[in-house]
Every structure is written in structure tokens, then in C-alpha cells.
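J.: Structure below; questions to follow.
Bear in mind these aren't lab numbers, they're just calculated from the coordinates by the rules spelled out. Note that the coordinates shown come from a computational prediction; the quantities given were computed from them, not determined experimentally. A quick note on method: Cβ atoms are made from the backbone with ideal geometry, for glycine too, and the neighbour counts reach across all protein chains shown.
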């Protein structure tokens, strides 16, 4: 059993496993070299050989406890034949949502379209490098995928004014998204994923009275589904206002917290294992400050099952040597 699974399943508190969101990626020169030669991001995700190499790159450098697959939450709309492209400096741009054609899509059509993702997981799981480490698969949460599919771009500047106008479109899209997310999760697990993380990047956009319909209910359905397959599930509802309510209702195996969250409040309110928390910007400072901030989380969660991670993805301008220092420090704590 890997250290991460020991923490999740056996509630171990005497070990400090570590992995980092976006660890396979843009802060590593070896990743940037591959990315430069492969400007089409979706094609890169679907190149089993290259995506396997990218997934394993950080594990060759650092003593991390998990490989998180190099993929994207938008593989779901892509698999549903919605156009997805990534524009430099802008982010993801999606085509029109044609719900009628999506409703006609078979499970097999979807699986064939994103099959390289499952082949990548299989390659990673069977690599010598991932021995005694966890292989983590992931999906976007229903709400976050709904946002991208209807908004058609990142809602960094807010949702489109008419976003909630077509209630029928929203309800039908949520049903379709949930159906295909379960298929996507099942295929990842069958290919070797030992843990699933659910990213709800835009959970913070909603008011309290909308959480039940858009976050709690659909995410709970997914969490129960993953657990029914005997696999632990980590949920990351970024910028959710009330982690206690979220955990009580959704009940993931692990809750991943963002960097705006007070870890002491989490310790007081949350009984399940906790992951993450530290601001990725700390890695852009100096070693002394990094040590102080990382130790803060390790000290607070000293007697609580805890997986060290950041409160969001590692930043592109991070020096890999700072990452190396962080991993060694957490391991030596």
C-alpha cells in the first residue's frame, strides 16, 4: 500500500506523503521542451507515449508519493464532441454546446475518443517508477464542467449574463455530464487509477442557496459512485465558503483545501483526511520562508491524517530546486 493510501484508508498520522497539483507540467524545463514541439494541447494529452513521459517526469526528479496523470478536465466535453481548444494567454475556448447530438452519443463513441487517456494510466501504473506510489486519475466536478460547457470559456471575469437563463439546458447538461463522468471514472479505474480526484475549480462562483443543486447533489452522486468501486476519492471544491457543510454532505474520502482556507478551522471542523493548503506563491520566495510555511501545515495537521499538497496548481515560474527542497523537507519532517 502506498503512503497516500495508508493515510486515506488507515488514517495514518505518522507519515507525510506529498504530491503536488500540476506537478507534471509547466515549471519543468523537460516538460516545456515537449510542449514547445507540441503546441496542440489536446493532441498532446491524447499522445499516450508523450503524456506518459510527462506524467513520470516529476517522479524521476523528486521523491513524490503519487503520479497524477497528465490530462485535463476538459477531456470530458472533448469526448462529447464539443470543440475544445487552448489559446495562449486566454485559456480554454469551447465551441457551441449541441446537446441534441450529445444525447445521441453512445458510451463506446465517448470511450474511443478519449481512449489514449486510459492507455496512459495503464502505462503509468505499470511503470517501474510508480512502484509503491499511487496513480491518481481525475475528473472535473459536474458544476465546473457545466460552467465551461455553457460559458464556453474560463469564467475568470464572471459567468455570462444569461448563464442561468435556460434552466432546461442546464438540467439536461448536468444529467449528461454525470452519466459520462461515471463512464470516464470507471475506465480510469479499470486502467489502473488507484485514487480519483474531483476538481471543482469554480465552486466559489455560487451563492449558498445554489450549492445544493449544482455542487452538493451532483458531486455526492459521483463520490458515492467512486466509493462503490472501492476506490478512495479526493474532492477539491476550490474557494467553497463552508468546508464543514461540504464534507458533511458530500463525504469524500479526503478533502483538499485551497490557500484561502484557515487550516486551524479545518482541523477543528473536519474529521476526514485533509490534503493541501499551502499557497503556490510560497515556492516563489526563499527556502527559509518555504520551510516556515510548509511546517505550519505539517504542525497543524500533526495528529490528523494529512497529505501535503498546495492550495492550487504549482506556478509555471517555480524553480524546480525549490520543489526539490520542499519534497525533501516534508519527507524529513
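J.: Could you put 246, 225 in order, starting from the residue whose Cβ has the fewest other Cβ atoms within 10 Å? Intermediate values should be presented prior to the final figure.
T.: Working: 246 23, 225 17.
Ranking 246, 225 by Cβ neighbours within 10 Å, fewest first, gives 225, 246.
J.: Which whole-number percent is the relative contact order of the chain (Cα, under 8 Å, 6+ apart)?
T.: Dividing the mean separation by the residue count of the chain yields 22 percent.
J.: How large is the helix-only mean residue ellipticity at 222 nm for the chain, computed as the sum of -39500 (n - 2.57) over DSSP H runs with n ≥ 4, divided by its residue count, in deg cm²/dmol to the nearest 500?
T.: -14000 deg cm²/dmol
J.: Here's a follow-up. Rounded, prolate or oblate, given the Cα gyration tensor of the range 1-55, with a/c below 1.5 counting as rounded?
T.: In terms of gyration-tensor shape, prolate.
J.: Now for a different question. Estimate the FRET efficiency between residue 321 and residue 37 by the formula 1/(1 + (r/R0)^6), using the beta-carbon distance for r and 22 Å for R0, to the nearest 0.05.
T.: Rounded to the nearest 0.05, the efficiency is 0.35.
J.: Can I ask one more? Please report the spacing between the Cα centers of the range 11-78 and the range 182-214 in Å, no decimals.
T.: 19 Å
J.: Is the range 130-277 rounded, prolate or oblate when judged by the Cα gyration tensor, a ≥ b ≥ c being the square roots of its eigenvalues, rounded requiring a/c under 1.5 and prolate requiring a/b larger than b/c?
T.: Cα axes put the range 130-277 in the oblate bin.
J.: If I fit a long axis through the Cα atoms of helix 107-125 and take the longest principal axis of the Cα atoms of the chain, what angle between them do I get, 0 to 90°, rounded to 10?
T.: For helix 107-125, the angle is close to 10 degrees.
J.: Among the DSSP beta bridges whose two residues both lie in the chain, what percent are antiparallel, rounded to the nearest 5?
T.: Working: 5 of 27 bridges.
Expressed as a percentage, antiparallel bridges in the chain total about 20.
J.: How many nm separate the modelled label positions at residue 26 and residue 242, each set 7 Å beyond the Cα in the direction of the Cβ?
T.: Result: 3.4 nm between the two label points.
J.: For the range 92-163, just say rounded, prolate or oblate: build the C-alpha gyration tensor, square-root its eigenvalues into a ≥ b ≥ c, call rounded for a/c under 1.5, and beyond that prolate if a/b exceeds b/c, oblate if not.
T.: Here the range 92-163 falls in the oblate category.
J.: Which length gain, in nm to one decimal place, applies between residue 154 and residue 212 when the Cα-Cα distance is subtracted from 0.36 nm times their residue separation?
T.: Full extension of this stretch gives 18.6 nm more.
J.: To test your reading of the geometry: what angle, between 0 and 90 degrees and rounded to tens, separates the Cα axis of helix 217-228 from the longest principal axis of the chain?
T.: Around 60 degrees separate the two axes.
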